[in-house]
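To start, the structure itself, in structure tokens.
The values are calculated or read from the model by the stated rules, or taken from the named source; none is laboratory data. The shown structure was predicted, so the numbers you read here are calculated from the model rather than taken from an experiment. Here Cβ is always computed from backbone atoms with ideal geometry, including for glycine, and neighbour counts include all displayed protein chains. These area figures cover heavy atoms from the full protein model, side chains too; ligands, DNA and RNA do not enter into them. Shrake-Rupley method; radii C 1.70, N 1.55, O 1.52, S 1.80 Å.
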Amino acid sequence: MSVPQVELKNMTKRFGANLALNNVSLLIRSGTVHALLGENGAGKSTLVKCLVGFYHPDEGHIQVDGREHRLNSPRDADALGIGMVYQHFTLVPSMTVAQNLVVSGARLPAYINWQSELRRLAQVTRKLPFHVPLDVRVSQLSAGEKQKAEIVKQLYLGRKLLILDEPTSVLTPAEADEVLGHVRSLTRAGELSAILISHKFHEVRRFADDVTVLRRGASVRTGPVADLTDDALAEAMIGEPVSKMVQHAPKSPPKSDIILSVRDLCVNGDNGLPAVKDLSLEVRAAEVVGIAGVSGNGQLEFVEAMMGQRDRSGTMTVSGSPFNGTRREIARLGVYGLPQEPLKNACIDRMSLAENLALRNFDRVPLCRGIAMNYGALAEQAERLVAQFRVKAPGLNASMSALSGGNVQRAVLARELTQDVRLLVASNPTFGLDFVACEETYRRIVEARNRGTAVLLISEDLDELLGLVDRVLVMSAGRIVYEVSADGADKRVIGKYMAGMKAA
Amino acid sequence: MSSISGIEPVPSKPLGTAAQLSVALPVLAVLLASAIFAAFVALSGQNPATVFGLIVQGGFGSSFAWQDTLSRAAPLVLVGLAVAIPAQAGLVIIGGEGALVLGGLAGAVVTLPFAGVHALPMQLLMLLAGALIGGLWFGLAGVLRQYRGVNETISSLLLSYIGIAVFHHLTEGMLRDPASLDKPSTHPIDPSYMLPTLPGVGVHAGLAVSLLLAIAAHVVLRYTRWGFALRVVGGSARVARMIGLAVNRWILGASVVAGGMAGIAGAIEVAAVQGTANSSLIVGYGYSGILVAFLARHQPLAIVAVALLIGGMQASASLLQRRLGLPDATMLVFQGLIFVCVLVADAIAQQLRETTRR
Ligand SMILES: Nc1ncnc2c1ncn2[C@@H]1O[C@H](COP(=O)(O)OP(=O)(O)OP(=O)(O)O)[C@@H](O)[C@H]1O
Ligand SMILES: [Mg+2]
């Protein structure tokens with residue numbers, strides 16, 4: 001079976017008055033990787049959701065090998081061999097990877113012959129350059145492993161056109177290389193075509209053949225990647241020449257008073273086994289401490305325990321007072337956080353954008369007097385935050401799931417960073433943000449730091465980390481295994497510790 | 001740069017179409033159920049038009065019918081709230097019957113040691129005792145869920161059976177009035193302690209109590225930070241913990257308050273209608289409350305309206321029996337049909353919501 005040539009013709013999609021796609025056409029040449037670039041909310045996810053039958057375009061259609069198709073449901077896309085890895089995870093957490101893969105087929109037989117299915121599965125995974133554990137429950141996988149499993153699922157389903165919507169936002173750079181490298185080699189071998197949505201130019205450059213830039217729902221630039229410079233792409237994205245990015249504000253030296261002090265922290269993971277072991281650390285005022293590490297080494301559990309979402313033993317004090325994550329302590333000590341996967345971990349889907357923006361201060365003046373909520377003040381605050389952080393949303397009453405991935409992240413940033421923050425715990429705060437928003441976020445973090453906020457930054461991206469922090473700690477297997485000040489940091493040494501090696 | 005066009009006032013209302021759907025679907029469900037019920041009635045040899053006419057007449061056709069309907073609506077409102085309040089926190093608790101009968105029992109016995117005291121404190125004491133015991137009963141389901149991971153729907157249902165058994169055990173044993181021969185009952189409460197009749201309406205004061213509680217629930221859920229916090233907890237326990245809400249306490253609190261509502265319903269039945277706790281208390285109000293809450297989409301004010309409708313249907317049962325010889329269970333069939341249709345409509349609404357999004 002050869003790889004089809006897929007073409008989107010004149011796609012238009014409206015959400016109410018909001019024109020999310022404006023007459024977009026796109027050609028994915030057989031056996032190539034086609035990258036989609038664009039600001040947060042430009043319409044990238046919407047476009048590919050039309051291609052998998054999840055949304056119905058108002059106008060336009062899809063051609064596969066020159067034949068016109070209408071996709072009424074993901075089932076139709078499945079029949080054409082089109083599949084997608086979403087920005088969020090879709091595997092069933094309580095089932096093993098193997099079970100997930102087998103039941104994901106659109107037409108399940110009444111009787112599943114597990115033995116032959118597992119054999120087929122083993123064949124698919126054997127050819128992979130990376131390892132995915134098949135008989136482990138999805139809930140126990142790290143974000144990176146989950147993402148790989150999602151991709152394996154698509155390959156197992158025999159896709160001919162694979163759509164990757166920001167697949168690498170939860171992967172370490174090394175994992176991203178692995179995964180995208182594999183997709184690239186499959187396309188080279190003529191087994192697959194792919195659409196890659198990414199905010200990272202270097203990924204687009206390394207792994208894509210063609211690129212299309214969307215701006216406010218319209219296709220503004222398209223062509224072979226090799227013909228376009230990064231500056232040209234960036235300019236197409238934002239619609240004006242890119243002024244050279246201002247460097248981060250110069251950093252003031254850290255102060256001496258200790259804001260966060262963690263002693264002998266132990267936390268269990270979802271599987272009941274220790275995920276964080278006897279961890280101790282300190283963060284001073286006006287200091288950014290980075291925690292580097294491969295995802296799945298206890299960072300998630302560490303952050304959740306600090307935010308009061310998970311049981312822990314050991315002590316944690318903020319500005320000298322014990323911190324257990326009660327509402328009063330949070331407000332008094334100023335502990336705020338930017339968790340990863342913000343839609344799931346920091347937002348409430350069935351409440352509106354405005355209400356989500358109020359989660360931190362809904363019970364304080366002016367949003368609330370006594371016990372009475374003031375919804376007028378709540379709307380005013382939302383309006384102000386949305387403008388200040390340039391959150392693009394269909395409206396203040398929109399549910400969070402109507403926001404694009406990057407705009408969810410911006411909304412959470414707006415809510416958390418506008419509090420009186422004394423300690424900020426940020427996990428991968430720039431996942432899913434376009435380059436402008438990334439720079440903005442870095443700037444805000446450094447600004448907060450210079451105002452005296454202690455920042456704990458958890459990131460799998462070493463370059464991002466080293467650009468921001470004063471001190472790096474490396475976390476491996478639930479412990480801090482290495483510490484170095486940012487000035488003296490050597491990426492190779494850090495990398496070794498991240499990989500779990502004890503350098504001599 | 002934000003693309004927000006018109007900024008509307010907040011509390012999160014679903015999009016226009018969804019809001020219309022949430023009204024239209026229950027109405028459609030009731031209409032569909034009525035159609036099926038009409039067929040059912042026709043099959044049993046009656047003219048559906050006559051039957052519906054009698055339902056309207058028996059429920060709402062005379063001041064006597066209205067009194068009957070209203071006095072039934074009073075407990076229905078409360079057991080409806082007992083389902084709707086935990087629903088805000090994401091709980092599905094359906095054991096209202098058990099909390100209701102135990103609350104009634106508590107109300108029936110709590111004033112027995114006191115004779116010849118002022119009526120008002122005694123009446124309040126009865127309601128309070130009912131609320132406490134009912135709250136305790138639902139609280140158990142909340143504790144089991146938060147600390148033992150037991151599904152609250154199942155545990156509340158099973159607890160309800162236990163509650164009913166305890167009720168029988170006590171009314172037929174320790175707390176039985178030896179004078180109650182053919183129908184084991186507790187000692188009757190002092191007649192002067194009975195809830196008065198509302199002047200001009202001819203219905204007991206329990207109706208006013210339940211209306212006040214429904215309004216209070218509406219105000220608290222919609223306009224206070226408690227309602228907001230409860231919705232956060234119901235929306236995502238994970239996020240609620242992140243922002244420092246004590247999730248266990250909120251869940252327990254919602255369960256206890258809800259159980260209190262059901263308990264008050266029982267106490268009102270005793271203090272206004274029965275005068276004693278006996279098996280007449282176990283007539284399925286608790287289960288009808290589930291229907292009321294679901295049909296009202298867990299909105300306290302809508303619960304009042306739906307309770308009137310269901311109360312009227314129940315009130316008309318005796319007229320149907322007298323005029324047409326239709327068995328008592330006929331109305332239960334109608335109620336059951338409505339419930340099934342509401343659930344089906346909910347499922348359809350879910351699908352529609354997904355397709356309108358496309
Ligand atoms: N279900 C929906 N209802 C209403 N508006 C929506 C819905 N889904 C998306 N939108 C709007 O459509 C626009 C495009 O969103 P889309 O998710 O395609 O952006 P994106 O390019 O993927 O951005 P990001 O990089 O942030 O993921 C946004 O303005 C968004 O608010
Ligand atoms: Mg997107």
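Observations on the model:
- Scanning the stretch A:381-406 for residues that are within 10 Å of ligand 1 (Cβ to nearest atom), at the interface with another protein chain (Cβ under 10 Å from one of its Cβ atoms) and in a helix (DSSP H, G or I) gives A:Ser401, A:Ala402.
- The set of residues in the stretch B:166-225 that are touching a Ser or Thr at 6+ places or on another chain (Cβ under 6 Å) and of a type in the set (D, E, K, R) contains only B:Asp177.
- Checklist (1) away from ligand 1 (no atom under 16 Å from the Cβ); (2) touching a residue at least 40 places away in the same chain (Cβ under 8 Å) applied to A:Pro167, failing item: (1)
- Counting only residues that are hydrophobic (A, V, I, L, M, F, W, C) and assigned to a loop (DSSP other than H, G, I, E, B), the stretch B:261-307 holds 4 of them.
- Whichever residue in the stretch A:81-98 is assigned to a loop (DSSP other than H, G, I, E, B) and buried (at least 18 other Cβ atoms within 10 Å of the Cβ) and, among such residues, is farthest from ligand 2 (Cβ to nearest atom): A:Gly81
- Qualifying residue in the stretch A:427-445 (condition: without any contact (Cβ under 8 Å) to a residue 60 or more places away in the chain, within 16 Å of ligand 2 (Cβ to nearest atom), open to solvent by less than 30 Å² (accessible area, probe 1.4 Å) and within 30 Å of A:Ala234 (Cα to Cα)): yes
- Number of the condition not met by B:Phe228 [criteria: (1) open to solvent by 10 Å² or more (accessible area, probe 1.4 Å); (2) touching a Phe, Trp or Tyr at 6+ places or on another chain (Cβ under 8 Å); (3) within 14 Å of chain A (Cβ to nearest Cβ)]: (1)
- Residues of the stretch A:460-479 satisfying the condition of being over 24 Å from A:Ser252 (Cα atoms) and surrounded by fewer than 19 Cβ atoms within 10 Å (Cβ to Cβ): A:Ala477, A:Arg479
- Count of the stretch A:335-378 residues which are over 26 Å from the mean Cα position of the chain (by Cα), surrounded by 17 or more Cβ atoms within 10 Å (Cβ to Cβ) and at the interface with chain B (Cβ under 7 Å from one of its Cβ atoms): 6
- Cβ-Cβ under 6 Å pairs, at least 6 apart or on other chains, the stretch B:347-358 side farther than 16 Å from B:Val23 by Cβ, far side modelled with pLDDT of 65 or more and within 10 Å of ligand 1 (Cβ to nearest atom): B:Arg358/A:Tyr55
- A:Leu456 in contact with a strand residue (DSSP E or B) (Cβ under 7 Å, 6 or more places away or on another chain), surrounded by fewer than 24 Cβ atoms within 10 Å (Cβ to Cβ) and assigned by TED's automatic domain parsing to the domain that holds A:Gly298: no
- Condition check for A:Leu164: away from every other protein chain (no Cβ under 14 Å) and within 16 Å of ligand 2 (Cβ to nearest atom): yes
- The residues of the stretch B:146-204 that are more than 26 Å from the chain's Cα centre (by Cα), more than 14 Å from B:Ser279 (Cβ to Cβ) and surrounded by 15 or more Cβ atoms within 10 Å (Cβ to Cβ), listed by number, are B:His187, B:Asp190.
- Within the stretch A:196-208, residues that are within 14 Å of A:Pro224 (Cβ to Cβ) reach partners that are away from ligand 1 (no atom under 13 Å from the Cβ) and open to solvent by 10 Å² or more (accessible area, probe 1.4 Å) with beta carbons closer than 6 Å, at six or more positions or on different chains, in the pairs A:Phe207/A:Arg184.
- A:Gly190 touching a residue at least 12 places away in the same chain (Cβ under 8 Å), under 27 Å from A:Lys344 (Cα atoms) and of a type in the set (Gly, Ala, Ser): no
- Filter result for the condition that a residue is more than 14 Å from every other protein chain (Cβ to nearest Cβ) and within 23 Å of the chain's Cα centre (by Cα), over A:Ala20, A:Ala42, A:Ala79, A:Ala35: A:Ala35
- Search result, residues across the stretch A:310-334 that are in a loop (DSSP other than H, G, I, E, B) and away from every other protein chain (no Cβ under 13 Å): A:Ser319, A:Gly320
- The stretch A:156-181 - residue that is surrounded by fewer than 21 Cβ atoms within 10 Å (Cβ to Cβ) and of a type in the set (A, V, I, L, M) and, of those, modelled with the highest pLDDT: A:Leu157
- When A:Tyr111, A:Tyr55 are checked against the criterion of being within 16 Å of ligand 2 (Cβ to nearest atom) and open to solvent by 20 Å² or more (accessible area, probe 1.4 Å), A:Tyr55 stands alone in meeting it.
- The C-beta contact set for the stretch A:1-14 (first residue hydroxyl-bearing (Ser, Thr, Tyr), second residue open to solvent by 50 Å² or more (accessible area, probe 1.4 Å), distance under 9 angstrom, 6+ apart or interchain) comprises A:Ser2/A:Ser30; A:Ser2/A:Asp65; A:Thr12/A:Leu19; A:Thr12/A:Asn22; A:Thr12/A:Asn23; A:Thr12/A:Asp58; A:Thr12/A:Glu59.
- Any chance B:Leu25 is modelled with pLDDT of 90 or more and either crowded, with 20+ Cβ neighbours inside 10 Å or away from chain A (no Cβ under 14 Å) (or both): no
- Condition check for A:His69: within 15 Å of ligand 2 (Cβ to nearest atom) and of a type outside the set (A, V, I, L, M): no
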